[in-house]
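Input: a single structure, listed below in C-alpha cells.
The values are calculated or read from the model by the stated rules, or taken from the named source; none is laboratory data. This structure is a prediction, so every number in the text was calculated from the model and none was measured. All Cβ positions, glycine included, derive from the backbone under ideal geometry; neighbour counts span all protein chains shown. Please note that ligands, DNA and RNA were not included when accessible areas were found on the heavy atoms of the full protein model with its side chains. Shrake-Rupley method; radii C 1.70, N 1.55, O 1.52, S 1.80 Å.
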Amino acid sequence: MKKVLIPILILLAAQTAAAQTNLFTLQYNVSVPVSDMSDYITAASFRGVSADWRWFNIRKTHLAAGFSLGWQVFDQSATGTFQLDNGAVTGAQKRYLNAFPMLITGYYYLSTAWRDPKIYVGGGIGAYYMLQNFDLGVNRIEASNWHFGAAPEVGLQFPMRNSQGIVNVKYNWVNESGEGIAGQERGYAYWGLNAGFAWDF
Amino acid sequence: MKTPEHRRLLSSAAVIVLLAAGTVVWNACTPGSGVSVQESDVIVTIFNENTNFGALNTYILVDSIVHVPEDNSNLDRTHDKEIMRLVDSLLTRRGYTKTDTIQTPIPDFYVLFYATAQQNWFLLNAWPGSGWGWWGWPCCGGGWGWPGVGATYGFTTGTLAVTLISPAVADTTSTTIPYWTGAMNGVMDDTPQGVEARLERGINQMFEQSPYLQSTP
C-alpha cells in the first residue's frame, strides 16, 4: 500500500505546489513626481497601469521572482510667460512624460500561507524608456531615452473571492541618461501607489 | 462542459482582457494635446543684452510688411496697416519718437516687419496594417486583408515678426544684430475679426513682456 500511496502523495504535493507557483497581477497606478522630475512636472499622474508575473519557489519558501512591465502618463498644462536669459515666451504649454518601466523583480513574503493576507518587500531593477514631450502652441519638442532604474517596493497581497488583491507602494528611481528636451542628461524619480488584482495559475 | 475551475479561469481572463483594453483606450501618450485656435498663439521676444534701450530715442517705421516668400498665397494684407499702427502706438507710449526721415538726423533704430505662413497637412491611418494607408482605398488586391481607412486634416500657421534694428543694417557688408525682436506664431484658420483680435493681443503681449523697452531721454 505504501508503494502506491507515497508516489501518489508526492505527485499530489507537486501538483498542488505547481498550481500556486505563478502569480499574474494587473495594477492601477497613481504616481507623484519628486526630486528633479518635479522641475518639469509637478502634477500627480492618475493614468498608470502595470502587469507583473511572479514565480514562487515550489518548496513554498518566502521568495518569488519575476518581471514587471508598466506605463505611466504624466501630463500638466500651464499658461503664462516664462523668462529666458535674454527674452521671454508666452503661450499655452502642455508637458508630457511617458514612463515605461521594464524590470526584473524579486520579492520576499513574510508568510507562505497562500490564502492568508501577507506582506511582501522587494522590488525590481532594469530599464526605463522615458518619452518627454513639450508642447508650446502647435509646436512640439520631443526627446526619448533609455535609462537604467530600480524600484523598491513594499506591498500587501490578500485573498479575494476568485482571485487575490494586491496593494503596494513603490519608489521609481531612473538614472540620468541621454538628452532631454533641454539638451541635458536628465534623471527622474516618482512615488507610486498601486492597487489591483492577482491571479494564480 | 465547463468545470468551476474553467469558469474561474475564463472569468479571470475576461477581466484581464477588459482591463487591459480599457487601459489602452484610456491612456494616451499625450492626453488632451489638442489646442484651440486661441491656445495656439505663442509670443516670443528676444533682446540684445548689449543694447541700452534707454539711450535710444528716435525710430523710423518701414512702409510695409515683408511677406516671406514674397508671393506667399497664405497671406494677405488685410491687417497690415493695423499691425503697423499698433506697434507705432506702443513705441510712442514707451517714450520713443517717430521720424519720417532716414537722414539728418539718422534715427536711432529702424522698425521692420516680416510675415510668413504655411499649410500643415496630416494623414490619419486607422488600419496601418494595410501598408497603404488611405491611399489604398479600396486597397490593392487579395492578400492585403483590411483596406486602408484614413482621413486628412490641415491647418495654416503664421508668424509675424517685429524687429528693432540699428540703421547700420543698411550697410550690407557687415552683420547687424537686432536690438529686439518680437514674434507671434499661431493658427490662422480663424475669422477676420478673430485674427485681428489675436494680433492685437499678441503685439500688446510682445511689449508687455519687454519692460526694458523704454526710452529715457
Where Lys and Arg each count +1 and Asp and Glu each count -1, what net charge lies around A:Ile141 among other residues with Cβ under 12 Å from its Cβ?
0
Chain A, Gaussian network, Cα under 10 Å: of A:Leu63, A:Leu136, A:Leu103, the residue fluctuating most is A:Leu136
Helix A:2-19: inclination vs chain A longest Cα principal axis, degrees, rounded to 10, gives 10 degrees
Mind grabbing the accessible area of A:Met102 for me, 1.4 Å probe, Å², rounded to tens?
70 Å²
A:Phe74 neighbourhood, Cβ < 13 Å, K/R = +1, D/E = -1, net charge +1
Could you check how much of the accessible area of chain A is carbon and sulfur, as a whole percent, using a 1.4 Å probe?
64 percent
Simple label model, 7 Å out from Cα along Cβ direction - B:Arg94 to B:Asn48, nm:
1.4 nm
Calculate the length of the line joining the C-alpha centroid of the stretch A:118-186 to that of the stretch A:31-85, in whole Å.
3 Å
Solvent-accessible area buried by B and A, counting both chains, probe 1.4 angstrom, square angstrom:
2800 Å²
Going 7 Å from the Cα of A:Trp146 along its beta-carbon direction, which residues of the stretch A:87-106 have the amide nitrogen within less than 17 Å of the resulting point?
A:99-104
Quantify how strongly other chains surround peptide B:93-99 by giving the mean number of their Cβ atoms within 10 Å of each of its Cβ atoms.
0
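Just counting partner chain Cβ atoms within 10 Å, what average do the residues of peptide B:41-49 show around their Cβ?
5
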At 0.36 nm per residue, minus the direct Cα-Cα distance, what do A:Gln76 and A:Gln184 gain on full extension? Give it in nm, one decimal, please.
36.8 nm
Two-decimal ratio, the stretch B:42-122, of alpha-carbon radius of gyration to 2.2 N^0.38 Å:
1.32
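What do you get for Rg/Rh over chain A if you use C-alpha atoms and the Kirkwood form of Rh?
Using Cα coordinates only, the ratio equals 1.16.
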Hey, which aspartates and glutamates would be in cross-link range of B:Lys81, C-alpha to C-alpha under 16 Å, not counting anything within fewer than 8 residues on its own chain?
B:Asp63, B:Glu196, B:Glu200
Once you've got the GNM for chain A with C-alpha springs shorter than 10 Å, pick whichever of A:Ala182, A:Ala44, A:Ala64 has the biggest mean-square fluctuation.
A:Ala182
Average beta carbon contacts from partner chains per residue of A:150-162, 10 Å cutoff
1
Suppose the Debye formula is applied to equal point scatterers at every Cα of the stretch A:111-201; what is log10 I(q)/I(0) at q = 0.13 Å⁻¹?
-0.61
